[in-house]
Amino acid sequence: MAQSECGNFCDAGREQTCCKQTAGTIARSSASKVFPDKIYKSVQAKGKDVTGMTCECGVFGAISCGDYPTSLDIAQMICLGLVALQHRGQESAGIVTSQGKNSKNFAVHKGMGMISNIFNDEAIRKLKGNLGIGHTRYSTAAASEAVNCQPFVVHTAHGALAIAHNGELVNCESLRREVLERGVGLSTHSDSELIAQSLCCAPEDVSEHDGPNWPARIRHFMTLAPLSYSLVVMHKEKIYAVRDSYGNRPLCLGKIVAYDAGHANIDEQLAEGWVVSSESCGFLSIGARYVREVEPGEIIELSRNGYRTVDIVERPDYKRMAFCIFEYVYFARSDSMFEGQMVYSARLQCGRQLARESPLDADLVSSVPESGTAAAHGYARESGLPFGEVLCKNRYVGRTFIQPSNRLRQLGVAKKFGALAQNVEGKRIVLVDDSIVRGNTIGPIIKLLRDAGATEVHIRIASPPLQYPCYMGINIPTREELIANKLNATQLACHVGADSLTYLSVQGLVKAVQMNKSHVNPLKSGYCTACLTGEYPGGLPEELSW
């Protein structure tokens with residue numbers, strides 16, 4: 001391999017072609033569909049130094065049934081639920097609990113860092129309550145500071161109100177102006193605080209002679225902010241679970257049952273409490289069973305007597321549901337349930353579809369652990385090729401690492417992965433990964449495999465090329481940082497030193513995630529593919545100040 005004029009490491013016979021292709025691609029990319037300058041600069045202004053995609057956060061709520069005080073350790077349950085959602089955010093976390101109806105104040109504990117470092121035994125003991133909500137955060141709309149930790153607690157004329165939010169408000173600026181014009185002061189730049197302040201004021205057309213009408217207030221907010229959010233809202237003895245009418249961010253409901261309930265029908269099991277979570281992956285660890293998803297636009301009220309749907313806010317007739325398709329590809333934990341299917345099975349189907357679209361004669365199929373493993377198994381099953389591990393991942397490498405020298409920086413991937421030389425030597429390998437963002441990691445991995453004796457390394461990506469930023473709760477780098485906007489698949493293969501590289505098509509991805517769905521109702525189905533196609537479900541916002 002030799003470094004060519006374009007800066008890529010190309011085979012000698014491909015060097016001239018690669019340089020010409022790269023120059024042409026960069027020229028074409030500037031003339032192609034351009035992300036609006038105002039939006040682009042706003043997204044760029046976030047100033048986040050990230051290496052890939054990051055999901056904003058996870059929300060969790062729990063409430064006990066029957067007489068209070070409860071025998072359930074609500075704070076501990078929420079903490080365990082947040083641990084299961086830790087992959088959705090690692091910057092900060094918080095838990096707020098309430099004693100119930102006569103409670104004027106909430107017990108609150110929040111902090112920066114991982115959940116295991118924030119919630120020790122002493123902190124959990126102080127969080128007494130019969131119900132509570134929790135949040136784990138990765139910031140997109142506001143800085144990574146203690147003041148932005150959630151859940152937010154505001155004190156209203158009707159008592160304390162707590163709220164936790166997953167997502168990002170598209171019309172954050174207009175909502176901020178409306179709140180400020182009411183004379184309300186804001187202490188943070190977080191759009192989650194905007195939601196809390198919006199709920200504090202009753203709509204003009206709603207009568208509240210008998211106390212606050214929280215469902216009506218929530219509905220009013222939802223008409224003002226179409227997306228993107230999943231919310232848990234707590235006031236006194238009730239929790240409200242809310243999902244935007246497009247269903248962009250996930251939210252699901254679970255039932256807390258007795259430890260010895262076994263595998264009896266969920267409807268026949270006595271409820272000891274109810275939980276709501278961004279994902280279902282943590283339910284079993286707290287003795288809860290998955291019940292169903294919160295429907296798009298649905299407002300669910302949870303109390304000691306159970307749960308009920310209090311309202312559904314419909315989206316416009318001409319708009320389809322827009323569930324974030326990258327929840328399937330990357331963000332969600334493999335054992336979570338969406339649309340009646342396990343995420344792992346959808347990723348398996350992505351690999352199968354990828355094998356149909358990009359077949360290859362090779363000796364071995366493998367993955368970049370852990371993200372591409374399910375898709376790699378699917379590719380192997382569909383192609384009839386054997387699956388084998390070629391990389392060993394070091395699970396003890398921290399998220400940040402100061403490299404003391406250029407040599408160690410060049411060997412950065414080697415601190416995270418080791419090649420299984422006996423599985424690699426003399427083999428033609430198909431290496432499957434879930435996505436490519438900047439393209440910084442895949443090249444060193446290929447070099448690692450070639451140094452271990454691989455004769456060919458073919459890259460297969462179980463998702464389409466990422467080309468557009470997201471402003472609905474996912475921190476995706478700006479267009480200029482996304483490698484797919486600079487190099488096509490052939491050029492990228494040359495750039496990273498692969499023998500070939502192909503992506504799954506957008507149509508193939510949608511087909512794969514629908515393969516095992518329990519129902520495919522066109523009126524209740526649809527995906528947000530904005531980061532892949534540039535087609536945003538709610539249109540582009542006019543103004544942002546991220």
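Observations
- When region 343-372 is filtered for residues that are under 25 Å from residue 249 (Cβ atoms) and either free of Cβ contacts under 8 Å to residues at least 40 places away in the same chain or not assigned by TED's automatic domain parsing to the domain that holds residue 393 (or both), the ones remaining, listed by number, are 343, 344, 348, 370.
- Set 176, 219, 182: member being open to solvent by 10 Å² or more (accessible area, probe 1.4 Å), closer than 24 Å to residue 306 by Cβ, of a type in the set (D, E, K, R) and out of contact with any Pro (no Cβ under 7 Å at 6 or more places or on another chain): 219
- Selection status of residue 158, open to solvent by 30 Å² or more (accessible area, probe 1.4 Å), over 24 Å from residue 116 (Cα atoms), more than 18 Å from the chain's Cα centre (by Cα) and without any contact (Cβ under 8 Å) to a residue 60 or more places away in the chain: no
- Any chance residue 280 is buried (at least 24 other Cβ atoms within 10 Å of the Cβ) and assigned to a loop (DSSP other than H, G, I, E, B): yes
- Failed item, numbered, when residue 388 is tested on (1) over 17 Å from the mean Cα position of the chain (by Cα); (2) open to solvent by less than 20 Å² (accessible area, probe 1.4 Å); (3) touching a residue at least 40 places away in the same chain (Cβ under 8 Å): (3)
Residues checked against (1) open to solvent by less than 10 Å² (accessible area, probe 1.4 Å); (2) among the acidic types (Asp, Glu); (3) under 15 Å from residue 278 (Cβ atoms):
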position	(1), (2), (3)
294	yes, no, yes
300	yes, no, yes
304	no, no, no
310	no, no, no
314	no, yes, no
317	no, yes, no
328	yes, no, yes
332	yes, no, yes
335	no, yes, yes
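- Test: residue 275 is touching a helix residue (DSSP H, G or I) at 6+ places or on another chain (Cβ under 8 Å), open to solvent by 10 Å² or more (accessible area, probe 1.4 Å) and assigned by TED's automatic domain parsing to the domain that holds residue 131: no
- Options 448, 431, 509, 466; residue that is open to solvent by less than 60 Å² (accessible area, probe 1.4 Å) and assigned to a loop (DSSP other than H, G, I, E, B): 466
- Some residue of region 516-534 being surrounded by fewer than 23 Cβ atoms within 10 Å (Cβ to Cβ), at pLDDT below 90 and either in contact with a helix residue (DSSP H, G or I) (Cβ under 7 Å, 6 or more places away or on another chain) or in a strand (DSSP E or B) (or both): yes
- Long-range neighbours under 9 Å by Cβ, at least six apart or interchain, first residue over 18 Å from residue 73 (Cβ atoms) within region 265-286, second of a type in the set (Phe, Trp, Tyr) and part of a strand (DSSP E or B): 266/290; 278/60; 279/338; 280/290; 280/338
- Among the conditions (1) crowded, with 20+ Cβ neighbours inside 10 Å; (2) within 25 Å of residue 327 (Cα to Cα); (3) over 20 Å from the mean Cα position of the chain (by Cα); (4) modelled with pLDDT of 95 or more, residue 483 misses just one, which is (4).
The values are calculated or read from the model by the stated rules, or taken from the named source; none is laboratory data. Note that the structure is predicted; figures quoted are calculated from it, not measured. Because the Cβ atoms are built from the backbone with ideal geometry, glycine has one as well, and the counts that use them run over all protein chains shown. All accessible areas refer to the heavy atoms of the entire protein, side chains included, with ligands and DNA or RNA removed. Shrake-Rupley method; radii C 1.70, N 1.55, O 1.52, S 1.80 Å.
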